[in-house]
Amino acid sequence: MIEASQFKKMVSLFVIGTSLILLPSMLASKAKQDAWISSIVGMIVGLVLVGIYYALGRLFPGKTLVEYSKEILGKWLGTIVSFLWFTYAFILTVLVLRNLGDFLTSSMFPETPIQAIHIVYLCIVVIGVRYGISNIARTVDIFFPLVIILLIVFVSLLLHDIEFDRLQPMLAKGIQPVLQAAYPYIGFPFAELVLLLMIYPKVKRTKEAGKSLLTGTLFGGLVLFVITLLSLLVLGAENTASELYPSFRLAKKIQIGEFIQRVEVIMAVIWFITIFVKLVICFYISVQSLSQTLNLPDYRSLVLPLGMILYAVAYFIVPNISYLISFDAKVWPLYALTIGLVLPLLLLGVAIIKK
Amino acid sequence: MWSVLLILAVGMAIIMIDVPTLRRNKSRKELWAFSVLLIGGVALNIVVGLGVEVPSPLELIKIIYGPIVR
Amino acid sequence: MANDLRDNIQKIKQSLGNSPDIVVREWLFGGPNGVGTAIIYISGLVDTKFINQFIMEPLMSHDLDEHFKAIRSQNENGVDLLKQLLLPVGEIQEAVNLNTILTGILSGDTALLCQGSEHGLLIGSRGGEDRAIQEPSTQPVIRGPKEGFTENIDTNIALIRRKIKDHNLWLENFNVGQVTKTVVSMMYVNGIALDKVVKEVRDRIKRIQIDGILESGYIEELIQDKTFTLFPTIFNTERPDVIAAGLLEGRVAIIVDGTPFVLLVPALFPQFFQSAEDYYQRSDISTLVRLLRYLALVIALLAPPLYIAITTFHHEMLPPQLLISLSAQREGIPFPAFIEALLMEVTFELLREAGVRMPKAVGQAISIVGALVIGQAAVQAGIVSAAMVIVVSITAIASFIIPSYNMGIPIRILRFGFMILAATFGLFGILAGLIGIVQHLCHLRSFGIPYMSPYAPVLAADKKDAMVRTPWWAMTSRPRTASRKNTIREKSQPSPKPET
């Protein structure tokens with residue numbers, strides 16, 4: 001059982017998750033200096049998606065996504081669809097872990113083997129998932145204020161480097177590139193929010209759950225908007241687009257006098273926490289969805305074995321970063337929208353017809 | 001060689017952690033799922049550890065969506 | 001028990017092993033043809049003056065003829081007559097079997113036996129030497145009451161009763177420990193305390209099966225929530241005012257005879273960072289001091305690990321001058337930062353333990369020798385760097401700021417864990433360890449209540465007393481973590497404004 005306020009924080013951190021480091025560059029590469037507009041567009045579409053999820057969640061209070069997929073589509077089809085949910089969640093988990101590993105090895109710890117980072121992270125994630133969702137919610141309760149404070153500090157320290165000219169010329173190439181850039185943004189992370197329907201029923205007061213889902217998404221989207229905007233204002237469009245991790249580059253720029261510099265550690269701590277939250281939620285959802293697909297009474301026993309598989313898959317899921325970038329931009333949105341838009345709409349449709 | 005032993009050791013540890021509770025609760029279905037996943041996990045890790053090239057599931061997704069991707 | 005006086009006396013003496021400190025006083029009640037009577041007590045445990053004045057004297061005065069005749073004629077109720085008419089004593093109990101009499105004698109009561117009567121009387125005559133009420137040694141305050149509990153449970157209960165005069169302050173006694181038969185009391189304010197917790201405490205105490213209870217620490221270990229954790233889930237204190245405050249919040253106090261440390265349950269994480277003084281001083285300074293304590297927590301836990309992480313993996317984080325001077329210092333040091341830190345920390349732990357055992361006078365010398373001389377010498381010998389000594393000293397000072405000794409223990413232990421993490425994975429390892437610890441803490445419960453309340457789950461109302469100390473006129477509700485009943489602590493107070 002989790003409180004609505006905790007759910008809201010979980011949703012926010014989930015949305016921020018890995019997008020905090022990856023989004024600005026993703027948007028800027030197509031939209032250049034208008035990336036901030038793309039961010040707004042993406043967020044709006046994202047909220048629409050969330051509206052669909054909310055509708056689905058409302059129809060089946062107290063039941064998880066897997067549970068009512070089986071209810072709506074019957075035993076056989078339902079199990080297949082549930083398995084699709086599981087694979088979606090699991091692949092997402094693997095990608096998030098890999099994202100983190102790649103980021104840390106390329107920017108902060110070049111000498112560390114990526115496996116070491118994966119193992120350490122997996123340990124705390126496994127502990128978290130085994131402790132249960134209420135525990136995850138409480139952990140989020142504790143870390144959320146810290147993230148907010150650090151973000152505020154981060155933004156404040158960069159304010160004097162802002163130049164609004166960097167946003168010009170606005171809409172130079174028209175609205176097309178802006179919309180094109182927003183397209184992958186919808187797939188990542190908004191279409192992933194459908195998975196939160198596995199946790200949605202655990203929120204204490206269902207009426208508030210829907211509100212929390214929306215506000216959480218809104219807040220997360222807002223934070224991403226600010227970071228994207230900041231990135232453009234301080235680094236400029238070209239730099240944002242060319243850097244893989246522009247927010248990190250942003251962090252490196254912070255300098256107060258001679259004493260405070262190289263404090264990109266602040267950013268690292270923020271990422272560490274937001275990615276952790278997204279990872280632990282994703283892994284929890286993966287294990288839960290598998291356990292419910294197989295009609296098991298409890299999910300806990302699956303955690304460790306699935307963790308082992310996760311570790312292995314994270315290793316070979318992508319051969320290198322460029323593969324991942326092109327996959328993220330071209331293929332993932334299709335996959336995500338199929339599972340995150342088409343499938344929920346299908347379920348919703350069938351459910352409404354049946355009633 | 002060492003990595004294989006390490007992986008097996010981890011597998012053993014996982015068995016020691018989870019199996020007693022599972023057997024006590026007589027949850028056959030869980031035990032079954034657990035074992036399958038564990039064997040899969042150990043096997044997969046050994047395979048990767050030995051340097052074998054394993055195809056990524058993303059490849060599968062790419063194939064499915066191939067024609068639509070420009 | 002038997003009818004015959006002699007028999008009974010024999011039995012009692014034998015059961016007690018004919019111990020030389022048993023006093024048996026026999027006489028004939030009512031003159032030479034009277035009824036054989038005896039009192040039995042253990043010399044060190046009783047107040048002899050009391051016995052002589054209030055038991056012996058009334059029974060030995062001379063105008064007892066009618067009473068004597070009454071007893072003569074009603075054998076069985078002789079003892080009862082004595083109790084009704086002749087003994088001007090407050091605590092009298094009738095006892096039928098041998099075990100009760102023995103327990104009574106061993107607790108400091110005086111047993112009174114009559115020839116021909118199978119009943120005996122146990123007269124409360126507890127005495128003996130006790131420590132006087134002194135200032136508590138472990139939790140002193142600058143402002144506030146300077147009373148501390150003693151080893152006598154009756155005194156302790158009285159100290160609490162003096163602070164809470166409400167008739168709802170209820171008490172329940174238990175006898176725990178097969179051999180020690182220690183008296184353990186549970187106190188709570190009926191109507192404020194959570195029934196669930198009271199019941200849980202009662203059940204857990206009743207379930208204890210052990211030979212002996214010598215200190216409240218035994219009880220603490222035997223009743224705490226069974227999870228594998230380093231962190232304390234039961235609070236203890238030597239101060240009656242702290243216990244009284246806890247009772248007012250709805251907590252349950254457990255008092256153990258023989259120790260001045262009283263337990264308080266349920267105990268949550270923020271409590272271990274509160275001190276009684278926070279409530280006696282002004283709220284502004286108390287708030288700042290509380291924040292300071294949390295800062296001290298971070299320093300005590302992470303200062304050496306951070307030192308290790310930064311000097312080993314993250315040199316870039318330091319400003320250039322500091323980096324240069326640090327490198328210069330570490331130039332001649334043969335060990336990597338981790339070993340250096342480990343050496344210093346272990347040395348410090350050794351000094352600490354030594355300091356605890358030393359008699360007061362020598363203790364001072366040890367700390368001076370340890371801190372100054374060894375530290376200084378070590379730096380000069382080139383074994384550790386000066387920066388390391390500074391780090392370890394600050395860590396030590398920070399760890400003493402935490403008001404509750406219980407909480408200092410997990411921090412000391414975890415510090416070493418973090419040092420290892422820092423040495424292997426650097427800052428990244430420290431962060432991961434922190435997340436792991438936070439998750440563990442969130443998972444803990446004290447008698448059913450989440451350990452990290454009110455930080456998680458967030459209970460807005462309770463935040464007034466967690467990290468900050470809101471002024472009294474604003475603390476209108478009791479912490480909801482301890483009690484859901486009777487949540488209004490005070491009515492809104494108008495804060496008096498000066499006359500304009």
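Can you name the residue in the range B:58-70 that is at the interface with chain A (Cβ under 7 Å from one of its Cβ atoms) and of a type outside the set (A, V, I, L, M, F, W, C) and, of all such residues, is farthest from A:Ile91 (Cα to Cα)? Only one residue tops the list, namely B:Tyr65. Name the single residue, out of those in the range A:36-69 being over 17 Å from A:Pro24 (Cα atoms) and of a type in the set (Phe, Trp, Tyr), that is surrounded by the most Cβ atoms within 10 Å (Cβ to Cβ). Applying the filter and picking the extreme gives A:Tyr53.
Could you grab me the full set of residues in the range C:4-27 that are hydrophobic (A, V, I, L, M, F, W, C) and either in contact (Cβ under 8 Å) with a residue 40 or more places away in the chain or exposed (fewer than 13 other Cβ atoms within 10 Å of the Cβ) (or both)?
In the first step, residues of the range C:4-27 are kept if they are hydrophobic (A, V, I, L, M, F, W, C); the result is C:5, C:9, C:12, C:16, C:22-24, C:27.
Result: C:Leu5, C:Ile9, C:Ile12, C:Leu16, C:Ile22.
Of all helices (runs of 4 or more DSSP H) completely enclosed by the range A:283-355, which ones contain at least 1 residues that are under 27 Å from A:Ile119 (Cβ atoms) and out of contact with any strand residue (DSSP E or B) (no Cβ under 6 Å at 6 or more places or on another chain)?
Details: elements: A:303-316, A:321-326, A:332-337, A:343-354.
Where helices (runs of 4 or more DSSP H) fall fully within the range A:283-355 and carry at least 1 residues being under 27 Å from A:Ile119 (Cβ atoms) and out of contact with any strand residue (DSSP E or B) (no Cβ under 6 Å at 6 or more places or on another chain), they are A:303-316, A:321-326, A:332-337.
Is one or more of the residues making up the range C:373-384 in contact with a helix residue (DSSP H, G or I) (Cβ under 9 Å, 6 or more places away or on another chain) and in contact (Cβ under 8 Å) with a residue 60 or more places away in the chain? Scanning the range C:373-384 turns up no residue that is in contact with a helix residue (DSSP H, G or I) (Cβ under 9 Å, 6 or more places away or on another chain) and in contact (Cβ under 8 Å) with a residue 60 or more places away in the chain.
In the condition set (1) in a helix (DSSP H, G or I); (2) over 38 Å from the mean Cα position of the chain (by Cα), C:Leu302 is compliant with all but (2).
Considering each of A:Ile149, A:Ile127 in turn, give the residue that is more than 12 Å from chain C (Cβ to nearest Cβ) and at negative phi. Full working, then the answer.
Working: A:Ile127 fails: more than 12 Å from chain C (Cβ to nearest Cβ).
After applying the criteria, what remains is A:Ile149.
Report, by residue number, each residue of the range A:72-92 that is assigned to a helix (DSSP H, G or I) and either over 20 Å from the mean Cα position of the chain (by Cα) or more than 14 Å from every other protein chain (Cβ to nearest Cβ) (or both).
Let us first name the residues in the range A:72-92 that are assigned to a helix (DSSP H, G or I), namely A:72-73, A:75-92.
Correct list: A:Ile72, A:Leu73, A:Lys75, A:Trp76, A:Leu77, A:Gly78, A:Thr79, A:Ile80, A:Val81, A:Ser82, A:Phe83, A:Trp85.
Checking every residue in the range B:36-57 against the condition of being at pLDDT below 85, more than 16 Å from the chain's Cα centre (by Cα) and facing another protein chain (nearest Cβ under 7 Å) gives zero matches.
Among the candidates A:Ser69, A:Ser107, which residue alone is among the hydroxyl-bearing types (Ser, Thr, Tyr) and away from every other protein chain (no Cβ under 14 Å)? It would help to see each step written out before you state the result.
On the way: A:Ser107 fails: away from every other protein chain (no Cβ under 14 Å).
Among A:Ser69, A:Ser107, only A:Ser69 is among the hydroxyl-bearing types (Ser, Thr, Tyr) and away from every other protein chain (no Cβ under 14 Å).
Against the test of being of a type in the set (A, V, I, L, M, F, W, C), part of a helix (DSSP H, G or I) and within 25 Å of A:Leu244 (Cβ to Cβ), the options A:Ile148, A:Ile227 yield a single qualifying residue, A:Ile227. For the range C:153-177, which positions are in contact with a strand residue (DSSP E or B) (Cβ under 6 Å, 6 or more places away or on another chain) and in a loop (DSSP other than H, G, I, E, B)? Listed by number, the list holds a single entry, C:Asn168. Among the criteria (1) under 30 Å from C:Ser385 (Cβ atoms); (2) outside the structural domain of C:Ile339 (by TED's automatic domain parsing); (3) not hydroxyl-bearing (Ser, Thr, Tyr), the one C:Leu247 does not fulfil is (1). Only residues that are within 10 Å of another protein chain (Cβ to nearest Cβ) and in contact with a Leu (Cβ under 9 Å, 6 or more places away or on another chain) were counted across the range A:317-326, and they come to 4.
Is at least one residue of the range A:10-32 surrounded by fewer than 21 Cβ atoms within 10 Å (Cβ to Cβ) and within 21 Å of the chain's Cα centre (by Cα)?
yes
The values are calculated or read from the model by the stated rules, or taken from the named source; none is laboratory data. Computed from a predicted model, the values in this text were never measured in an experiment. Please note: Cβ atoms are built from the backbone with ideal geometry, for glycine as well, and neighbour counts cover all protein chains shown.
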